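Step one of this worksheet: look at the structure below.
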Amino acid sequence: MLYITINSRSVKKAMIAVAVIAFATMLLCMWALAAQTSHETPVSDGDISAADTEDVPTFKVISPTELSAAESGVTRGETDEPAVPAHVSLYPFTISRSVSLPLENAVISSPFGFRDHPINGKYSFHSGLDLAAPEGTDIRAMLDGVVVTAKYASDYGNYAVIDHGEFQTLYAHCLTLNVSAGQQVSAGQKIAEVGSTGRATGSHLHVEFRCNGQRYDPAVVLGDSYS
C-alpha cells in the first residue's frame, strides 16, 4: 500500500501563487480595455453623439385639437395657445342645401376662433361669426326650420335659435325679435333686427352653426359672402 504525505505549507504556497497569477491576468485585461476605449468620444448622460443623430427620427406630437385644426385649415397660433373648448369643432361644416344670407350688407367684425374678448379682454375662443351692420337692419333666416328659442339672455341679448333638422342656427344681440318659439320659418324670412343687446360693444349680428352640441365656423357655409 502506497501512502502519500502532503505538506500543508506546500499547499498554501501553491494557492498563493495561483492567486497572484489570476490577479495579474485581471490587471492586464483591464489595461487593454482602457487602452481601447480611450480613443472614443465620450457621450454625457442625456446626449446623443453626432454619429447617432443620423439614425434618430424626429417626431412632433399632435394633440386631437391640433390635428383637427390642421385638417380644417384653421391657424392655431403658438404652442402655448389655450386648448379649443370642448363645445367647439374646427372641422369644416358643410351642408347640401342652399343658404340665404342672414344680412344683405355686412362686414365681418370678429371671425370664428381665438381672440381678445372685446369686453373682458381675456384671450378666449369666439364660437361664432360677428357681422357688423347698422342697427335695425333686417335679419333673415338662413334656411327653412322651426324656431326653438326666442328670448333674452344676459350674454346673447335678444336671440333666436332655429332648428333645421340635422343642425341649428343661432342669431344673437338682436334689437327686436319677430318670431316666437314653435313658429315655422322659411329661408329668407325676416326673423329679427340687428342690435347690440346683451354683452356687445356695437351693433352687430352674432351667428352660430350648431350640430350635436358642437359649434362650427359659419364662414365655411357662408363662403365669401362677407369680408
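The values are calculated or read from the model by the stated rules, or taken from the named source; none is laboratory data. Bear in mind the structure is a predicted one, so any value in this text is a computation, not a measurement. Please note: Cβ atoms are built from the backbone with ideal geometry, for glycine as well, and neighbour counts cover all protein chains shown.
From the set of residues in region 197-218 that are assigned to a loop (DSSP other than H, G, I, E, B) and under 23 Å from the mean Cα position of the chain (by Cα), which is nearest to H173 (Cα to Cα)? This residue is D217. Considering each residue of region 103-114 in turn, at least one proves to be buried (at least 19 other Cβ atoms within 10 Å of the Cβ), at pLDDT 95 or above and touching a Phe, Trp or Tyr at 6+ places or on another chain (Cβ under 6 Å). Checked against the criterion of being more than 28 Å from the chain's Cα centre (by Cα) and within 23 Å of V220 (Cβ to Cβ), the candidates G128, G145 yield just one match: G145. Among the residues of region 215-227, those that are surrounded by 20 or more Cβ atoms within 10 Å (Cβ to Cβ) and among the charged types (D, E, K, R) comprise R215, D217. Taken over region 178-196, the criterion of being touching a Lys or Arg at 6+ places or on another chain (Cβ under 7 Å) and assigned to a strand (DSSP E or B) is satisfied by K190, I191. Any idea which residue in region 84-102 is modelled with the lowest pLDDT, counting only those that are in contact with a helix residue (DSSP H, G or I) (Cβ under 9 Å, 6 or more places away or on another chain) and of a type in the set (S, T, N, Q)? Of everything passing the filter in region 84-102, T94 is modelled with the lowest pLDDT. Here region 170-214 is the region considered, the condition is being of a type in the set (K, R) and modelled with pLDDT of 95 or more, and the residue that is surrounded by the most Cβ atoms within 10 Å (Cβ to Cβ) is R210.
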